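Student: Supplied in structure tokens, the structure appears directly below.
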Amino acid sequence: GESVGLHLPTLSVQEGDNSIINCAYSNSASDYFIWYKQESGKGPQFIIDIRSNMDKRQGQRVTVLLNKTVKHLSLQIAATQPGDSAVYFCAWGSNFGNEKLTFGTGTRLTIIP
Amino acid sequence: KAGVTQTPRYLIKTRGQQVTLSCSPISGHRSVSWYQQTPGQGLQFLFEYFSETQRNKGNFPGRFSGRQFSNSRSEMNVSTLELGDSALYLCASKSLGGTNYGYTFGSGTRLTVV
């Protein structure tokens, strides 16, 4: 498949275990944060988002934590499955007509069967 | 409903040529953005269009341009291609308002400049 990134940080997790992917963002004025999953040959797929006035949000098998003090974002995936293998990106943006996302460098998650 | 459609899927061009990429957003989505993805630079914002107007532009040279039509379909153009323009070009559309801040991305156009 197509290579998304040649020198991405990598994380290998045993199937069934939980995984935590971290992201440091740069703009303290960001209004929202998003996690995307990108599989080989596909565009980024939305996973979950969180507004800057929240510190935690849960979805189906995923939880996003936001720590604005240290400008850190994390994505927790529970009970990982082989289909979770992909590159994960965090992104952040601001409201008020500035529809631009800034992306983190990405993390390659590999699920070990 | 149909997702974001980008054409062509793959493209090979020669240095100095120009190229036009097309994007059809999800029906009803009026905001369309373009991103360039390379192994070295990651995902970088090119520009965003809403109601046929470019509202935001990233830090790319003037060789990169785009437009949006009245039906929200968008095109981007790269003139005088350079080897470094080889990348995956992603289009994303969004319905403004609502609770979801995320754009929906297409599968991209893989451009190779030789």
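The values are calculated or read from the model by the stated rules, or taken from the named source; none is laboratory data. Values in this document were obtained by computation on a predicted structure and should not be read as measured data. In this analysis, Cβ positions are derived from the backbone assuming ideal geometry, glycine residues included, and neighbour counts consider all displayed protein chains. Accessible surface areas use protein heavy atoms only, side chains included; no ligands, DNA or RNA. Shrake-Rupley method; radii C 1.70, N 1.55, O 1.52, S 1.80 Å.
Student: Would you tally the residues in segment B:95-108 being outside any loop (DSSP other than H, G, I, E, B) and surrounded by 22 or more Cβ atoms within 10 Å (Cβ to Cβ)?
Tutor: Qualifying residue count, segment B:95-108: 1.
Student: Those residues that are in a strand (DSSP E or B) and either more than 13 Å from the chain's Cα centre (by Cα) or small (Gly, Ala, Ser) (or both), I need them from segment A:11-23; list them, please.
Tutor: A:Ser12, A:Val13, A:Gln14, A:Ser19, listed by residue number.
Student: Inspect segment B:55-75 for any residue being among the hydrophobic types (A, V, I, L, M, F, W, C), within 9 Å of another protein chain (Cβ to nearest Cβ) and open to solvent by less than 20 Å² (accessible area, probe 1.4 Å) and give the result as yes or no. Full working, then the answer.
Tutor: First pass over segment B:55-75, keeping only residues among the hydrophobic types (A, V, I, L, M, F, W, C): B:60, B:64, B:69.
After this cut, where a residue has to be within 9 Å of another protein chain (Cβ to nearest Cβ) as well, the list is none.
Looking through segment B:55-75, none of the residues is among the hydrophobic types (A, V, I, L, M, F, W, C), within 9 Å of another protein chain (Cβ to nearest Cβ) and open to solvent by less than 20 Å² (accessible area, probe 1.4 Å).
Student: Give the residues of segment A:74-92 that are under 12 Å from the mean Cα position of the chain (by Cα) and open to solvent by 50 Å² or more (accessible area, probe 1.4 Å), sorted by residue number.
Tutor: A:Gln76
Student: Something else now. What number of residues within segment A:93-108 are within 20 Å of A:Glu39 (Cα to Cα) and open to solvent by less than 40 Å² (accessible area, probe 1.4 Å)?
Tutor: Selection size over segment A:93-108: 5.
Student: In contact with an Asp or Glu (Cβ under 6 Å, 6 or more places away or on another chain), surrounded by fewer than 20 Cβ atoms within 10 Å (Cβ to Cβ) and within 14 Å of chain A (Cβ to nearest Cβ) - does that describe any residue in segment B:78-90?
Tutor: no
Student: I would also like to ask the following. Looking only at segment B:17-47, filter to residues that are open to solvent by 50 Å² or more (accessible area, probe 1.4 Å) and more than 10 Å from every other protein chain (Cβ to nearest Cβ); which one of those is nearest to B:Gly62 (Cα to Cα)?
Tutor: As a first pass, look at segment B:17-47 and keep what is open to solvent by 50 Å² or more (accessible area, probe 1.4 Å): B:17-18, B:20, B:27-28, B:30, B:39-41, B:44.
Right, trim to more than 10 Å from every other protein chain (Cβ to nearest Cβ) and you get B:17-18, B:20, B:27-28, B:30.
Details: B:Gln17: 15, B:Gln18: 13, B:Thr20: 14, B:Ser27: 30, B:Gly28: 29, B:Arg30: 24 Å.
The qualifying residue nearest to B:Gly62 (Cα to Cα) is B:Gln18.
Student: Now a separate question. Looking at segment A:51-72, which of its residues are in a strand (DSSP E or B), of a type in the set (Lys, Arg) and surrounded by 14 or more Cβ atoms within 10 Å (Cβ to Cβ)?
Tutor: A:Arg51, A:Arg57, listed by residue number.
Student: Would you call A:Ile48 within 10 Å of chain B (Cβ to nearest Cβ), farther than 15 Å from B:Leu43 by Cβ and assigned to a strand (DSSP E or B)?
Tutor: So A:Ile48 passes the test.
Student: If a residue must be closer than 22 Å to A:Pro9 by Cα and within 14 Å of chain B (Cβ to nearest Cβ), how many such residues does segment A:54-99 contain?
Tutor: Selection size over segment A:54-99: 12.
Student: Does A:Pro9 meet the test of being farther than 23 Å from B:Ser107 by Cβ and either in contact with a helix residue (DSSP H, G or I) (Cβ under 7 Å, 6 or more places away or on another chain) or open to solvent by less than 80 Å² (accessible area, probe 1.4 Å) (or both)?
Tutor: In short, yes.
Student: Picking from A:Ser30, A:Ser26, which residue would you name as being surrounded by 13 or more Cβ atoms within 10 Å (Cβ to Cβ) and in a loop (DSSP other than H, G, I, E, B)?
Tutor: Going through A:Ser30, A:Ser26 in turn, the sole match is A:Ser30.
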